[in-house]
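Notes follow once the structure below has been shown.
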Amino acid sequence: MTTPDRDAFGELLDRHGATPERWPADAREPALELLREDRDARADWECALDLEGALDDWTVPEPADDLALRIAAAAPERGRLGEVPALPGLRLWQGALLATIPVLIGFLIAVVQVDAPAPRAASAPVQAAEVELGLLSTYGLLEPASGDAP
């Protein structure tokens with residue numbers, strides 16, 4: 001692999017971190033060569049090392065002892081399960097029944113509605129024959145021949 005440019009090296013640091021052992025094997029030697037040759041790449045690598053160190057040293061603070069009590073106190077009071085807030089006089093099953101009425105009406109309309117079958121489109125040869133017959137009748141070529149009829 002050729003020596004990566006600075007953008008590729010920055011992407012390597014972003015994806016795999018500053019520890020060369022975590023870098024892909026085929027990219028490791030070219031990246032280390034870039035570190036030896038390019039002062040800006042080395043500065044980026046040192047910055048990534050500092051970031052990794054800061055993340056390794058960071059600890060999550062312990063939650064306060066009264067955290068669970070504060071969460072419970074902030075929660076709204078429990079209501080009855082059967083109450084629907086939008087329709088205060090209805091119970092939950094009544095609200096569900098009310099919501100299904102439009103669905104049932106739509107289903108009944110779809111089942112009862114009778115449509116005439118859609119006309120079938122004529123095929124291309126039939127359409128061509130209709131056009132030809134129309135032209136023949138326009139020019140009077142479909143009229144019986146005048147003259148001697150048996």
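Data for the structure
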quantity: Solution diffusion estimate, µm²/s, Stokes-Einstein, the range 1-43, Kirkwood Rh from C-alpha pairs, 25 °C, viscosity 0.890 mPa s; calculated: 243 µm²/s
quantity: Per-peptide average of other Cβ atoms within 10 Å, ordering 125-132, 61-68 highest first; calculated: 125-132, 61-68
quantity: The range 4-19 - phi-based ³J(HN,Hα) in whole Hz, Karplus 6.51/-1.76/1.60, Gly and Pro as x; calculated: x, 7, 5, 5, 5, 5, x, 5, 4, 5, 5, 7, 10, x, 8, 7
quantity: Vicinal HN-Hα couplings computed from phi for the range 99-105 (Karplus, 6.51 cos²θ - 1.76 cosθ + 1.60; Hz; Gly/Pro x); calculated: 6, 7, 4, x, 5, 5, 4
quantity: Gain upon complete extension [residue 100, residue 130; 0.36 nm per residue less C-alpha separation]; calculated: 5.6 nm
quantity: Spin-label pair residue 112/residue 43, simplified geometry with 7 Å Cα→Cβ offset, distance in nm; calculated: 8.1 nm
quantity: Inter-label distance, nm, simple model (7 Å from Cα along the C-beta direction), residue 11/residue 28; calculated: 2.1 nm
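We did not get these values from a lab; they are worked out from the coordinates using the rules stated. Predicted model only: the values in this text are computed from it and were never measured. With ideal geometry, Cβ positions are generated from the backbone for all residues, glycine too; neighbour counts draw on all protein chains shown.
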